[in-house]
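Colleague: Would you mind keeping the following structure in view while I ask a few things?
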Amino acid sequence: MPPTAPKSHFIPRTRDGWIATVSFVALFFLAMPPITHALWDRPESWIGGFPLFFVVLLAIYCALVGVLVWALRRGV
C-alpha cells in the first residue's frame, strides 16, 4: 500500500469542527464592511443610547468569541 499524504489541518475533521468553522465564518462575514455599511449603518437608529452600528458589532463580536469558547469546550 503506497504511503498517503497527511490530511490537511485546514479542513475540519469532525461534525463539531464543521459547525464551529461555518458559524465563525458566517458571523465574521456579518462584521465585514460590505455588510456592515449596507445593513447596520443607520445613523438615526439608537439602542440604549448607543448607535445601532456599534451595538450590532458588539453582539457579533461576542458571538464570535462564544463560538470559539464553544469549540474549545467541545475539544474541536
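The values are calculated or read from the model by the stated rules, or taken from the named source; none is laboratory data. Just so it is clear, the model here is predicted, and its values are computed rather than measured. Every residue, glycine among them, receives a Cβ derived from its backbone with ideal geometry; neighbour counts consider all protein chains shown.
Colleague: Which residue is nearest to I60 (Cα to Cα), if the candidates are limited to the range 13-23 and must be surrounded by 16 or more Cβ atoms within 10 Å (Cβ to Cβ) and in contact (Cβ under 8 Å) with a residue 12 or more places away in the chain?
Modeller: If we take residues in the range 13-23 being surrounded by 16 or more Cβ atoms within 10 Å (Cβ to Cβ) and in contact (Cβ under 8 Å) with a residue 12 or more places away in the chain, then S23 is nearest to I60 (Cα to Cα).
Colleague: Can I ask one more? Within the range 34-52, which residues are more than 21 Å from V67 (Cα to Cα) and assigned to a helix (DSSP H, G or I)? So that I can check it myself, show each step before the final result.
Modeller: Step one: filter the range 34-52 for residues more than 21 Å from V67 (Cα to Cα), giving 34, 37-52.
Across the range 34-52, the qualifying residues are P34, H37, A38, L39, W40, L52.
Colleague: Still on this structure: Could you list all residues from the range 24-62 that are of a type in the set (F, W, Y), within 30 Å of R73 (Cβ to Cβ), in contact with a helix residue (DSSP H, G or I) (Cβ under 8 Å, 6 or more places away or on another chain) and touching a residue at least 12 places away in the same chain (Cβ under 8 Å)?
Modeller: Within the range 24-62, F24, F28, W40 qualify.
Colleague: Follow-up question, since we're still on this one. If I ask for residues that are under 19 Å from L72 (Cβ atoms) and over 18 Å from the mean Cα position of the chain (by Cα), which ones from the range 1-13 would you list?
Modeller: Hits for the range 1-13 are H9, R13.
Colleague: Answer yes or no as to whether L30 is at pLDDT 90 or above and either within 16 Å of the chain's Cα centre (by Cα) or not β-branched (V, I, T) (or both).
Modeller: Considered against the rule, which asks whether it is at pLDDT 90 or above and either within 16 Å of the chain's Cα centre (by Cα) or not β-branched (V, I, T) (or both), L30 comes out as yes.
Colleague: Of (1) surrounded by 12 or more Cβ atoms within 10 Å (Cβ to Cβ); (2) farther than 21 Å from P12 by Cβ; (3) of a type outside the set (G, A, S), R42 satisfies all except one. Which?
Modeller: Among (1) surrounded by 12 or more Cβ atoms within 10 Å (Cβ to Cβ); (2) farther than 21 Å from P12 by Cβ; (3) of a type outside the set (G, A, S), the lone unmet condition for R42 is (1).
Colleague: Which one of these does V55 not meet: (1) within 25 Å of R15 (Cβ to Cβ); (2) touching a Gly at 6+ places or on another chain (Cβ under 8 Å)?
Modeller: (1)
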